[in-house]
Structure formats: C-alpha cells, structure tokens
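Structure first, commentary second.
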Amino acid sequence: MKGVVGGSAKRRWKNLVIPVVGLVVLSMLVPLVFLLGLHNGSHSIGDATQQRNSQPNPLRFIDQRNDASEREKSEVPLSKHVEDVYERLTHNLPKELGNISKRGGDENGFSMTADSPIQAQPVINIGPVVKNYTGEHRRSADESDLICEFTFGSYCLWRREHKEKMEDTVVKRMKDLLFVARAYYPSIAKLPAFEKLSHEMKQNIQDFERVLSETTTDKDLPPGNGKKISKMKSVIAKAKSCPVDCNNVDKKFRQLVDMTEDESDFHTKQSAFLYQLATQTMPKSLHCLSMRLTVESFRSSFDTEPALVEKFLNPDLYHYIVFSTNILASSVVINSTVMHAKESEKQIFHLLTDRENYFAMKFWYFGNKYKEASVQVLNIEDIALFDHKVAPLHLSLPEEFRVSFRRVDELSFSLSRTEYISMFSHSHYLLPKIFRTLEKVVVLEDDIVVQSDLSALWNINMGEKVNGAVQFCAVKLAQLKNYFSRNTIYENSCAWTSGVNVIDLSRWRAHNISETFQRLVQEMSREEGTSETAALSASLLTFQGLVYALDDSGMLSGLGRNHGIDLEAVNSATMLHFDGNMKPWLELGIPKYKRFWKKFLNQQDSFLNDCNVNQ
C-alpha cells in the first residue's frame, strides 16, 4: 500500500516538474528572442551570433520598419503591448539619428553613442535638416553677396575673383612677433627673477626693429634671418610661461593697437595729400620741356603768315577751341583729331593758354606741323583780345566735380552713389568776345583723344539750342536742387558734361549766356560762399533748356579714374576722355590706357628725348 502511494506521488511530482521547467525556459527565451530580434523572422545562427557579439542598437527598429513591406510575410505577429512600445519608440526617435554617432555629433554640437540614453530632441527630423543646412548656408552666402553688392557695389565679388596670394609673408610674420614681444616685455622687465629673459627679449626686439627698418619685402631680408625668427619665437614662448599679470599685457596690447591705428591714419592722410600733390604738380619732364621751348622761342623770330590770319577768321572752316597749359596734352588732342580727319585742310585749332606758357606753345606749334591743319596760339591774358572795357582775366581750365548722393533702396539700405561731372570754367564764357567773326565752334578739353573723323559734328542741326553736349542723365538737376538756392529748375533735366561741346556762338550771344552766367555766379557766391559750387550750379542753370544731346555711344569717359574699363570698348570708342586725377601724362596714369594716348606723340622729337618725356 505504501509502495502504491509512493509511486503515485513520484508520478505527480514528475508531472509538475516538466511544466515548471518549461515555464522557466520560456521565461528566459521570450525576452532573449525580443532582445535579439528573432521575432521578426527566422535568422541563421550566424546572424544571431553576429547580433549578440555586436553592441545593442535600439535604432534598428527604424530600419526594420522601413523595410517592413518587404518582409511582411516572414514576420512573427507581435503582441499588442510590444506594438505599443514599438510605435512610441520609433515616433520619438529621429529617422537618421543612428548616423550621428558615426559623425560624432550633429551640427548643433549634440553627440550620441549606442550607450547613451535615447531622448526626444527638439528637432524631430535630423536628416532633412542636415540636407537643408547646406542649402540654407548657401542661401545665406548669396544674401551676404547681395548685401556686399548693395554696400560696396561689385567690389566684393571682384575681390573674390581676383584674390591674390599674400606676398612678403615672412616680413608680416616678423611684424606680428615683434608686436607680441613688445606687449610682453614691460611685464617681464618688472620681474627681478627673469632679468636674463628680459635682456634676451630686449635684444631680440632691437634686432627685429633694425631688420624691419631696412626692408619691407621678403627678398630683401638678410641671410640667416630664420635664426632670428626662431630665437624670437623661443623668447615669446618663455615669456608666455612666466607668471605675468594678464591685465598688464592686455593694456600694452591695446596701447600698441592704438598707436598702430594712429600711425595708419597719419599715413593715410599723408598718402592722400601726396597723391593730390602729385596730380596737381607738373612733372619734371614737362617742366623741362616748357623751359627749353621758352628759351628757344626767345632765340627765334616767327611771324604769322597773312594767309593763316584769314583762315583763323573764316567762319566756313572747322574751328576747334582748346584751353590748355600743357604742351603734350594739347598736342595729342590736335594730332589725334587731324590724323583721323578726312579734310585736314579745313581744321583750324585755336589754343588758348596763359602768359607763362604762351611762348613755349608758340614755338612748339610753329615748329611742328599737323598735316594741313592750322594752329593759332592765343594768350588769354592779352588785353588786345577784348574791348577796352574788359579787364584781362587769368586762364581757368575746365573743372571736374565729384557729386555724391544718398538714397534708401527697397531693402532699406542707405546707399551712396558718386558721379563725376566735368564743367565749363569762367574762361569758356569769354568765347563770344574772343571769336567775334565765328558762329560755330567745337570745344575740346586737353585730356581728349580722338579716334575717328569729327566732321559730322559740323552738320548737326541743333535748332534753338546753344550747347551740344553729352548729357549725363545719371544726375538729374532735381538731385542738385540744394545747390541752386531759390532758382527755378526743371526736375527732369539731365546734367551735361564738357569734354566735347558744339557751341552755336550766334545763339549764345542772342541768349546773353555769358551775362547770365556771371549774374548767377555772383548771386550764388553771396549765398553759398564757395565759388566752386557756384560755378557748377551756375553752368547747369545757365544752359538749362538750351542743351542739345549729342550721341554718347562713341564717347568713353573715366579713363583717368576707372581701372575696370574693357580694352575692347576703348579700341572701338570714337573719343576717349581721360577725366579724373590719373592723367595719361602723369606717372599715376593708368598704365593699360596710356598707350592710347602716347601713340599720338612724336617719339623722335629732340625736345621730348632731351627731357625724357618718352620714358
């Protein structure tokens, strides 16, 4: 009986053990299945081993969700609880967050590894943001280019295209080291324990100052200069390791910066002054030429032929007026005009100069011939040119004005625009009294180069207009109304420039242009107090409504101030105007445009060679 009872108890115990063991095994396998991802389908043993050996990557759910449609048939159904966890996890995770750990961080400095806790970030979709970041960065660069264009014109873009490698880098590096050494030296000198370092630093500073005072380019540096640079670097490294007060070094740095800025401002002002002095001073070669010709004129005797006197008074010929004190400049204007003229025998040039240059001009044009054209040299200070009631005046050449405007554009940028206007001088308003027998003349400035025949100017019918000029509609009279005081102006009227002007002297006299100009100058001088501004305003007002617009397609200006004019445009232009400070007869002249002016000089002339004009 006992045996029966014991046997039945053993059988019951065995029946309970098997389910318990099974439950234990299942409780261990189920979490393992989910952790290893085996629930998504059957995997090979190698895949499972590889997954167990690798770091757990919770972002794998994202990739599997993207490929769910391809593996739908092989997936094991998930429980409702697992599906909820899965949805919450993949909703909060960025789509491509797994790539961040490979990059080491996103663009905001955020980094994540596989061991980091997963948190919801403010930016949900990192992928699209990273793709758009380059685009946004590119757009911001384009916007900065637009701002640069608004502020500085096209200078910024030009600078990027023409960026050159920095020269004399060694000299610039030495200046930087000297700057740092000077900043540290006062602090080191106050430390008694570093007397040797202070002496060494002082010696290196003096060596650098001596070298930099004698050279400004790398090629002029003395041999063995590399050792000095190494010593200076070593000394600066020692100084930086010393227990100095940073505030003292900072103050010394600021003092050096202030001194450098003051020195830069001084040199900027000095260079501007020297530049203006160079543009307004006669070069040594031209002064030599004028003196040589003046001396030779006193040694020679020359009289004007009676036939030439008749030509000078004949209104049927082509009369050109040139105001100049520069022999070379006036010679180029006359020579270039005659060289391109179809009928040079009809060309008559009246050169108006002052008493100082009159004899040199007289001798020059007496000895030089320009085909069959005739040249008359007149001294504007000669009282015989005027009535006995008119006092002789000093020669004044055409004046160039720089006019600046400020306006606010659509983007609320305050833009400054600068334009240049060349205008008649006081001497131009004496033309009707000097040339009483002439009815029509063409006025040429001495910085003009003619590259085609100008006979068409004499066939222009200007109607009731007095002055045929190139209009400059970039400047409206309305923009200059502050200079016109209480005078009435037509706001749509354009400014005009001198350089090439067709003057109808008969209508000039009928409209009393000279008297009107003098009256306006007197009125504006009393109110404004500046004769230069008054001359500009008076000239524009005097000819208001009396200007005939010449065709400006063949007139190219700015060759004395603008470096960016295309050479093809220079070659194809009818006339070249070297307006600006950088005249072609000066060393400051723009080199690439000088040849268009120099080719009309007589390179074989002995006076030019003796005074080194052709060099």
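The values are calculated or read from the model by the stated rules, or taken from the named source; none is laboratory data. Computed from a prediction, not measured in an experiment: that's the story for all the values here. All Cβ positions, even for glycine, are placed from backbone atoms using ideal geometry, and neighbour counts span all protein chains on display. Protein only, heavy atoms only, side chains kept; ligands, DNA and RNA dropped before computing areas. Shrake-Rupley method; radii C 1.70, N 1.55, O 1.52, S 1.80 Å.
Quick look at the values:
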quantity: Nonlocal amide H pairs with W496, under 5 Å, H built at 1.01 Å; calculated: F472
quantity: Most positive-pole-ward Cα, L256, G226, L212, against dipole of the range 212-266 from beta carbon charges; calculated: G226
quantity: Long-range HN-HN contacts of Q376 with modeled amide H, under 5 Å; calculated: F349, H350, L351
quantity: Distance between modelled label sites at N459 and R254, nm, 7 Å Cα→Cβ extension; calculated: 7.6
quantity: Entries of K202/K233; K269/K476; K369/K598; K175/K202; K284/K598 with Cα pairs more than 23 Å apart; calculated: K269/K476
quantity: Most positive-pole-ward Cα, Q270, P398, W364, against dipole of the range 244-399 from beta carbon charges; calculated: W364
quantity: Size-normalised alpha-carbon gyration radius of the range 159-262, reference 2.2 N^0.38 Å; calculated: 1.20
quantity: Average accessible surface area per residue within the range 306-360, 1.4 Å rolling probe, Å²; calculated: 37
quantity: In nm, spacing of pseudo-spin labels at K172 and Y275 (7 Å Cα→C-beta vector); calculated: 2.1
quantity: Simple Cβ-charge dipole of the range 222-339, Lys/Arg +1 and Asp/Glu -1, about Cα centre, in debye nearest 20; calculated: 1340
quantity: Highest to lowest packing among 257-269, 324-336, scored as the average C-beta count within 10 Å; calculated: 324-336, 257-269
quantity: Cα-only Debye scattering, the range 320-359: base-10 log of I(q)/I(0) at q = 0.16 Å⁻¹; calculated: -0.41
quantity: Unit Cα scatterers, Debye sum, the range 165-210: log10 I(q)/I(0) for q = 0.16, 0.22 Å⁻¹; calculated: -0.47, -0.73
quantity: For the range 460-472, Karplus couplings with θ = phi - 60° (6.51, -1.76, 1.60), whole Hz, Gly/Pro x; calculated: 6, 9, 8, x, 8, 6, 9, 10, x, 9, 7, 6, 10
quantity: Whole-Hz ³J(HN,Hα) from phi, Karplus 6.51 cos²θ - 1.76 cosθ + 1.60, for the range 424-430, glycine and proline x; calculated: 4, 9, 4, 5, 5, 7, 9
quantity: Length gained when the stretch T217-D265 is fully extended (0.36 nm per residue, less Cα-Cα span); calculated: 15.1 nm
quantity: Percentage of interatomic Cα-Cα distances in the range 225-306 larger than 17 Å; calculated: 76
quantity: Ranked by how many other beta carbons lie within 10 Å on average, peptides 514-523, 353-362 from highest; calculated: 353-362, 514-523
quantity: Full-stretch length increase - E399, K592 - with 0.36 nm per residue and alpha-carbon distance subtracted; calculated: 67.0 nm
quantity: Greater than 25 Å apart at Cα, pairs in K465/K583; K362/K465; K311/K371; calculated: K465/K583; K362/K465
quantity: C-alpha center-to-center spacing [the range 256-291, the range 574-606] in angstrom; calculated: 22
quantity: Phi-based couplings in Hz for the range 495-509 (Karplus 6.51, -1.76, 1.60; Gly and Pro marked x); calculated: 6, 9, 10, 7, x, 9, 9, 9, 10, 8, 5, 5, 6, 4, 5
